[in-house]
Amino acid sequence: MAQTKNYIAELNEHAQKNHLKLRFEDLGSDGLDHNKIFSQKVIIDGKDYPKGVGKTKKDAKLKAAENALRCLLDGQDLVSLFSLWENNWHKKNNETFLCLIYLFYFCLNNSVTVCRFTSEFEPLERLGKGAFGSVHKVRHKKLNKEYAVKIVCYKEKALREVSALSDLFHRNIVRYYTFWEEDTRYEGDLSFDSYSSSHTADNSEAKFLYIQMELCAENTLKDWIDEKNDQGLQDSKRREESLRIAQEIVCGVEYIHSKNHIHRDLKPANIMFGMEGEVKIGDFGLVTSDDDDDAWIERTVCKGTPSYMAPEQRQYDRKVDMFALGLIFFELLWKLSTRSERAMVKASFILFLFVFKQKQIINSLLCEKPEDRPDAGALKAALEEWTQIYNGQKSFHQENQTV
Ligand SMILES: Nc1ncnc2c1ncn2[C@@H]1O[C@H](COP(=O)(O)OP(=O)(O)OP(=O)(O)O)[C@@H](O)[C@H]1O
């Protein structure tokens, strides 16, 4: 049988050595006669310590002594240590020295959890919640600047996002600043209520990753599209704005591909806007590297035997992002309200409504075979051509109107 430590004797010894006035207080009992629970607490120099409970008075006293010792020695009770220090200031110098040793001890043991998130930042509001965590708008206390901090459970998806973002620095990609790890989640984060019960309830080892990012405007490209659709406008203004947005998305994607990454989750909800309205591609949780052999095998295994594939064929993997761009461009220009309408895009049914150049670009991006889709560089060139045609037509109309 495991030997119970004699916390009462230990606490008495500690009190004697440090000239502390220690006493136990009996807090009585609760429950029926055959099932009583006794409570006791320790008072040291007038300060109460957490009560101990047990099936006998002796157990309760032992537990109370253990609780008090933990507070004093593990440094969990910073206040009590400081008051101890204060109370003993007038006593001998070696006692003050002892208190300093205690402070040093708990700093070394890290037993007081300092949350970097709340000590460095002032949380302002929760911006949103994804499947893996949540994003908060915060103000850096010292710099007085606003940022977004994403808090996620320390998982492979989160690490992927951090490692991809740290490689990227581009006007059209959400800027990443830093990340750190904490043992605890932010208490004010209500999103974890359902999250923690399904992901971390029985995992006390769970750690959390805090990712500090550039703060984007609150509306995403999905909101932009919804707003335009509500206005019911398929007009030239929408076309003009769509063109600018499409060009910026392609610039971001071209850059991501140039760094040998594939986003794999491009969709209007993951595309945000900077404070000056510029496009910002975000949510790199599904990003993968072109050079990552394991990820490449995982991606290609369903297509055949990867070891027989020529290295140049690897570039076709990037074409998953190009297909997504085809659908995004379509949604920028045209209201697709139902799933069946989305499916029709693939069948190119509605495309006859578009001008020739638009049709050509979208058709090429939605090609069944990845190798037939353009890469980001070619798409960028095609969009520039489209812009020139569009601007030419616009000035032609304006000239005709003024004549
Ligand atoms: N840097 C940011 N600035 C402003 N808002 C942001 C920023 N990053 C994310 N958000 C917002 O926070 C919300 C949650 O984002 P997050 O990336 O965690 O999840 P998601 O993309 O919705 O889902 P999932 O992670 O499951 O794919 C989104 O609505 C997004 O608009």
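The values are calculated or read from the model by the stated rules, or taken from the named source; none is laboratory data. The shown structure was predicted, so the numbers you read here are calculated from the model rather than taken from an experiment. Every residue, glycine among them, receives a Cβ derived from its backbone with ideal geometry; neighbour counts consider all protein chains shown.
Per-structure values
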{"read-out": "Number of the exception - E218 against (1) surrounded by 19 or more Cβ atoms within 10 Å (Cβ to Cβ); (2) at pLDDT 85 or above; (3) within 16 Å of the ligand (Cβ to nearest atom)", "value": "(1)"}
{"read-out": "Check on D265, away from the ligand (no atom under 11 Å from the Cβ) and surrounded by fewer than 18 Cβ atoms within 10 Å (Cβ to Cβ)", "value": "no"}
{"read-out": "Residue within the stretch 123-136 that is surrounded by 16 or more Cβ atoms within 10 Å (Cβ to Cβ), in contact (Cβ under 8 Å) with a residue 12 or more places away in the chain, outside any strand (DSSP E or B) and away from the ligand (no atom under 11 Å from the Cβ) present", "value": "no"}
{"read-out": "The stretch 137-168, residues that are outside any strand (DSSP E or B), within 18 Å of F121 (Cβ to Cβ) and in contact with a Phe, Trp or Tyr (Cβ under 6 Å, 6 or more places away or on another chain)", "value": "V162"}
{"read-out": "Residue check for K150: basic (K, R), modelled with pLDDT of 85 or more, over 30 Å from P374 (Cβ atoms) and within 13 Å of the ligand (Cβ to nearest atom)", "value": "yes"}
{"read-out": "Scan of the stretch 153-171 for residues that are at pLDDT 90 or above and either within 9 Å of the ligand (Cβ to nearest atom) or surrounded by 15 or more Cβ atoms within 10 Å (Cβ to Cβ) (or both), ordered by number", "value": "L168, H170"}
{"read-out": "Residue ID - modelled with the lowest pLDDT, chosen from residues in the stretch 227-237 that are assigned to a helix (DSSP H, G or I) and surrounded by fewer than 18 Cβ atoms within 10 Å (Cβ to Cβ)", "value": "S236"}
